[in-house]
Structures are given as structure tokens and as C-alpha cells.
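The values are calculated or read from the model by the stated rules, or taken from the named source; none is laboratory data. Computed from a predicted structure; not experimentally measured. So basically every Cβ, Gly included, is an ideal-geometry build from the backbone, and we count neighbours across all protein chains shown. Just the protein is used for accessible areas: all its heavy atoms, side chains included, with ligands, DNA and RNA removed. Shrake-Rupley method; radii C 1.70, N 1.55, O 1.52, S 1.80 Å.
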Amino acid sequence: QVQLVESGGGSVQPGESLRLSCVASESVLNFYIMGWYRQAPGKERELVATITRGGYTNYADSAKDRFTISRDNAKNTIYLQMNNLRPEDTAVYYCNADPGPVYYRGTATKKPDTWGQGTQVTVSS
């Protein structure tokens, strides 16, 4: 089974930066899309940023111009560089890996995603 392990969270003040890491148990190129999601207390889990197998990136509006998602294929790792953090960024951040569909006898079947255990990010003054 695929495993994802996040790290790099912590407690910072507004305007400071953090870099989150997600180490996969296999090559990150095995996945169609990988990304970062976050969940604040009492709120739904939301998309932060994604990167496709081909290297295309996508960001939530709240992350544009502040966050950068990247990967190191040799280390089986994706990163989330978070700059100019705000209190509303406070949440548990989860790594996600989508293996994409598998095709068998002309039928596409969605394989389940893998989620990491999460890493806490707290931004407060």
C-alpha cells in the first residue's frame, strides 16, 4: 500500500514562511496528480495546490502568489513552500496522491487516493 508522510509544519507568526514535505513510499511519477489539502477545525478539507505527472501546477485562490508546489523525483518527495503566511492558513495540511484511472477491457476504474497523516500549521501573532 502506498504511504505518504508529511513533515515541516509548525507554529509561526504572520508573514513568516514554512516548507512542507511529503515523502512517498514509491516514485511520485507513479501518480497522476499529487497535491496538498488543508482542513481547519470545523471546516471541510480544501484544495491548496496540485501538481500533475507532467509537472503542471494548480493553486487555490488563497494560495496564489504565496505558495509554490514542487517535487524532487529522486527523493520521492513533493513540497509546499508557503510564504507570507496568514492566520487563516492555520490548518492541518495533508498530502494526497491520486494514482489515476486503470483501464481494463475498455472500462476506466478510479483507484482510491492515498492520504498522509497530516502536519499542523499554526499562524498566530
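Scan the range 105-125 residue by residue and report those that are of a type in the set (Ser, Thr, Tyr), part of a loop (DSSP other than H, G, I, E, B) and modelled with pLDDT of 95 or more.
The first filter runs over the range 105-125 and keeps only residues of a type in the set (Ser, Thr, Tyr), leaving 107, 109, 114, 119, 122, 124-125.
This time we only want the ones that are part of a loop (DSSP other than H, G, I, E, B), so: 124-125.
Of everything in the range 105-125, just one residue is of a type in the set (Ser, Thr, Tyr), part of a loop (DSSP other than H, G, I, E, B) and modelled with pLDDT of 95 or more, namely Ser124.
Taking the range 74-99 as the range and being modelled with pLDDT of 95 or more and not in a strand (DSSP E or B) as the test, the residues that pass are Ala74, Lys75, Asn76, Asn83, Asn84, Leu85, Arg86, Pro87, Glu88, Asp89, Thr90. Give the range 28-41 a look and list any residue that's surrounded by fewer than 15 Cβ atoms within 10 Å (Cβ to Cβ) and at pLDDT 95 or above, or say none. Result: Gln39, Ala40. Total residues in the range 87-122 satisfying the condition of being touching a strand residue (DSSP E or B) at 6+ places or on another chain (Cβ under 6 Å) and either under 21 Å from Arg19 (Cα atoms) or β-branched (Val, Ile, Thr) (or both): the figure is 20.
Does Tyr79 satisfy being within 27 Å of Gly15 (Cα to Cα) and either charged (D, E, K, R) or out of contact with any helix residue (DSSP H, G or I) (no Cβ under 9 Å at 6 or more places or on another chain) (or both)?
Values: within 27 Å of Gly15 (Cα to Cα): yes; either charged (D, E, K, R) or out of contact with any helix residue (DSSP H, G or I) (no Cβ under 9 Å at 6 or more places or on another chain) (or both): yes.
Judged against the criteria, Tyr79 is a match.
Quick check: is even one residue across the range 2-10 crowded, with 18+ Cβ neighbours inside 10 Å and of a type in the set (Val, Ile, Thr)? Step through it out loud before you land on a result.
Applying the first criterion (crowded, with 18+ Cβ neighbours inside 10 Å) to the range 2-10 yields 4, 6, 9.
Still in the running and of a type in the set (Val, Ile, Thr): none.
Scanning the range 2-10, I find no residue that is crowded, with 18+ Cβ neighbours inside 10 Å and of a type in the set (Val, Ile, Thr), so the answer is no.
When the range 95-125 is filtered for residues that are in contact with a helix residue (DSSP H, G or I) (Cβ under 9 Å, 6 or more places away or on another chain) and open to solvent by 90 Å² or more (accessible area, probe 1.4 Å), only Ser125 remains.
Just name the residue that is nearest to Glu46 (Cα to Cα) out of those in the range 78-94 that are of a type in the set (D, E, K, R) and surrounded by fewer than 15 Cβ atoms within 10 Å (Cβ to Cβ).
The initial filter retains those residues of the range 78-94 that are of a type in the set (D, E, K, R), namely 86, 88-89.
Keeping just the survivors that are surrounded by fewer than 15 Cβ atoms within 10 Å (Cβ to Cβ) gives 86, 88.
On the way: Arg86: 16, Glu88: 13 Å.
Only one residue fits best here, namely Glu88.
Is it the case that Arg19 is touching a helix residue (DSSP H, G or I) at 6+ places or on another chain (Cβ under 6 Å), open to solvent by 40 Å² or more (accessible area, probe 1.4 Å) and among the basic types (Lys, Arg)? Full working, then the answer.
Numbers: touching a helix residue (DSSP H, G or I) at 6+ places or on another chain (Cβ under 6 Å): no; open to solvent by 40 Å² or more (accessible area, probe 1.4 Å): yes; among the basic types (Lys, Arg): yes.
Against the criterion (touching a helix residue (DSSP H, G or I) at 6+ places or on another chain (Cβ under 6 Å), open to solvent by 40 Å² or more (accessible area, probe 1.4 Å) and among the basic types (Lys, Arg)), Arg19 does not qualify.
For the range 47-60, filtering for residues that are open to solvent by less than 60 Å² (accessible area, probe 1.4 Å) and charged (D, E, K, R) leaves 0.
Condition check ((1) in contact (Cβ under 8 Å) with a residue 40 or more places away in the chain; (2) acidic (Asp, Glu)) across all residues:
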residue	(1), (2)
Glu16	yes, yes
Met34	yes, no
Ala49	no, no
Ser70	no, no
Ile78	yes, no
Tyr93	yes, no
Ala97	yes, no
Tyr104	no, no
Lys110	no, no
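Here Ala63 meets the list (1) without any contact (Cβ under 8 Å) to a residue 60 or more places away in the chain; (2) open to solvent by 30 Å² or more (accessible area, probe 1.4 Å); (3) not aromatic (Phe, Trp, Tyr) almost entirely, failing just condition (2).
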